[in-house]
Structures are given as C-alpha cells and as structure tokens.
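Rule-based calculations on the coordinates, nothing more; no lab input. Only a predicted model underlies this, so the values are computations on that prediction, with no experimental measurement involved. Because the Cβ atoms are built from the backbone with ideal geometry, glycine has one as well, and the counts that use them run over all protein chains shown.
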Amino acid sequence: MEYRFLGRSGLKVSALSFGSWVTFGEQVDTDLAYSQMKTAYDAGVNFFDNAEGYENGTSEVIMGKVIQKAGWKRSDLVLSTKIFWGGDGPNDKGLSFKHIKEGTEASLKRMQTGYVDFLFCHRPDLYTPIEETVWAMDQMIREGKALYWGTSEWSAEQIRKAYNFARQEHLHPPLMEQPQYNMFHRHRVEREYDMLYKDIGLGTTIWSPLASGLLTGKYNDSIPKGSRLALQKYGWLKEILLDTEEGHSRIEKVKKLVSVANDIGITMPQMALAWCLKNKNVSTVITGASTVKQVEQNMSAMDVVEKLDGDVMKKIEEILDNKPGEEQDWRN
Ligand SMILES: NC(=O)c1ccc[n+]([C@@H]2O[C@H](COP(=O)([O-])OP(=O)(O)OC[C@H]3O[C@@H](n4cnc5c(N)ncnc54)[C@H](OP(=O)(O)O)[C@@H]3O)[C@@H](O)[C@H]2O)c1
C-alpha cells in the first residue's frame, strides 16, 4: 500500500481506502462487513469512510461493531463521517451549528469512537451562512470530536470562501474535499479545484471511482442480478447512469476500455482504479464493494498503476474524449 499526505497536512492516508455507501446495512451485514474491512485493513487500508446519512446511521453502527470486534488500535485508523442528512426533523438536516453538533455527537456514539479523524460537510447548505458552518466545524475540532474538517461536493468558490473566513477569524480551515472522481466525471478534480491544491493545499478523498460499477464492465451487456443498479431502492441511480443517451455512450466506451485493459493483462476494475491513483491531487481513492472478492480485486489495483504508462493513458484518453480543457494561455 502507498500512503499519501492528505493535502497540506502531516496526516497520511492509504491511497486506496474503503467506504460503506449503499453496501453496509443494505447489501452487507455485520459479518460480511467484518470480512471486507479486515481484507482491506490487511491490504494496508487505514481510512474507512462513513456518513450519518448512510442507511440512516445503520452503516455507522456496523462499522463501529466491526472495529470493536477486530480490536484494531484507534491510532492505526483514520475514520470519517459526514454530516448533512441526519433525519426528518426541521433541525436534522443541513449545516447549522445545531445539526453539526448534534449530528456529530450521534455519529460518534453509533461508531463507538471518541472522535473522527475527518468530519465532512456532506453537501453545501444553501440556507446556512458559510460563516456559521465554519464556526461549528472549528468548534467540533476544539471539542476533540474531529481532527480535520472538509467538504463534499462544494464548489471551489464555496471552499475558498470557507477557507478565507476561517483564516481571517483564526479558526481551523477546511483541509479536504470529497468529490466524485472517475473516468466519466473529471471536471472538478482536474480543473475546478486546480488553484485550491496550490493555494490552500486541498486534499481529496474521491468517491465512486468505478462510477457505481459501470467502470467494471459488469453492465456492458445487461444488469446482473443483485448488482447495485438492480437494487429497487437505487432505481434513481440506474436512471442517471444507464437509462440516458449519455449512459449508453458510456457503456460503448467501457467496451473499448475493456479491450485496452485486456491488452495490458489487467482487469477493467483494476484499470479504472489505477487511473484515479495516477492523479497526484487524489489523496485517496475510496473504494466500495458488496463482496470480499471485490475488495481483493480492488486492492490489487495498487499493483498495476505502473502498467498505465504514457501510451496506455493516451489510448484511454482517446476513448474517453472528455479531458477538461486547460486554462487559456493568452500569451501563446
Ligand atoms: N461524499 C459523497 O457524497 C459520496 C457519495 C458516494 C460515495 N461516497 C463514498 O465513496 C465510497 C465509494 O463509492 P462507491 O461505492 O460509489 O464506489 P464505486 O467503486 O464507484 O462502486 C462500488 C460498487 O461497484 C461494484 N464493484 C466494486 N468493485 C467491483 C469489482 N471489482 N467487480 C465488480 N463490481 C464491483 C459494487 O457494487 P455491486 O456489486 O452491488 O454491483 C460496489 O458496491 C462509498 O462507500 C462512500 O464511502 C461518498
């Protein structure tokens, strides 16, 4: 396993990490979660990602039980949770001081831990002033409930506004962002955040590196039984990923990508994950899995990164045909 600094901090995260969205509490019970997390941990994963909104907190309960059962040293783990969707009451959603404090405390109880290493604002909240959220996240750190805080799916402008306010008021600034990043979803990570890496040392913990499984090639011919896009509850995801013209064109691209992977003797999931790992602004690639075998396969992506040399990356780029444009150099 490779360990990368999380942005401009002294903390190291495993380049491949493991998260529980959709899976824990839906497809994966506590026993299977234990086997999955143990497999990931044995492969060197130290970062495990969660959120108060995953299965209404059940996912955090399962992760907490697994960590207790495994008896891992807390200092060997980097744990996260994300606050935004905590319930149906008028103050159970969003990023008010009240919900950040109460949501974080409830998450810590469910995970059976005194603190999370990373506390994320799971989305921007259009109704709470950013200043209130920054004060609240700083307070969670001062109370010892979190070590670092960050955002998820915030625009560069929102992140910079939070950062500048924190600096001006001598509060803890956001350190990391959790954006979607994969072969089909590139603009924010490759283009929009570019200045933030340089200016504020932003780290990234990227999600859905396999585009919910699309980039494994498993949906190339049909929707396999039991797979994520066959789950009734996630019909909305299938609609976005498969039932659109863009979805169809993506499947055609995956078919071509599979043959590039075959040519260099690796699998499609390995290639898609290794492609994310090649980006040095990615601090960690959060993988997801519904079986232990998938965890094993995904961890092996670490061993094939070197196979994605300049020629292979060029072939992939030609197939994807979606590279975000460079900043215009008006001098040349
Ligand atoms: N911040 C956010 O808003 C946000 C949003 C989403 C996710 N996340 C985080 O990021 C993590 C990863 O996201 P994700 O689960 O969407 O990742 P992903 O890698 O895009 O998709 C994972 C799913 O793909 C399938 N899969 C994985 N490995 C496979 C393999 N080797 N072969 C075949 N199928 C495979 C499995 O689903 P099936 O077997 O069921 O098909 C698995 O659950 C989440 O657990 C969560 O912690 C964060």
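Below, the figures for the structure above:
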| item | result |
| --- | --- |
| Entries of Lys255/Lys314; Lys65/Lys233; Lys280/Lys307; Lys278/Lys323; Lys255/Lys315; Lys98/Lys145 with Cα pairs more than 20 Å apart | Lys65/Lys233 |
| Within the chain, longest stretch clear of exposed trypsin sites (Lys or Arg not before Pro) (DSSP loop, no more than 15 other Cβ within 10 Å) | 74-224 |
| Distance between modelled label sites at Gln328 and Met1, nm, 7 Å Cα→Cβ extension | 4.6 |
| Mean shadow area of segment 1-121 over all directions, Cα convex hull, nm² | 7.4 |
| Two-decimal Rg/Rh across segment 103-166, once Rg and the Kirkwood Rh are taken from alpha-carbon atoms | 0.97 |
| Extension gain from Asn91 to Asn279, taking 0.36 nm per residue of separation minus the Cα-Cα distance | 63.8 nm |
| DSSP-assigned coil residues among GluC sites (Glu not before Pro) in segment 241-332, each with at most 16 further Cβ atoms within 10 Å | Glu326, Glu327 |
| Per residue, the convex hull volume that the Cα atoms of segment 173-309 enclose (Å³) | 127 |
| Percent RCO, i.e. relative contact order, over the chain, from Cα pairs under 8 Å lying at least 6 residues apart | 18 |
| Beta bridges per DSSP with both ends in the chain, % antiparallel, nearest 5 | 15 |
| Ratio Rg/Rh, restricted to the chain and using Cα atoms, in which Rh is the Kirkwood radius | 0.95 |
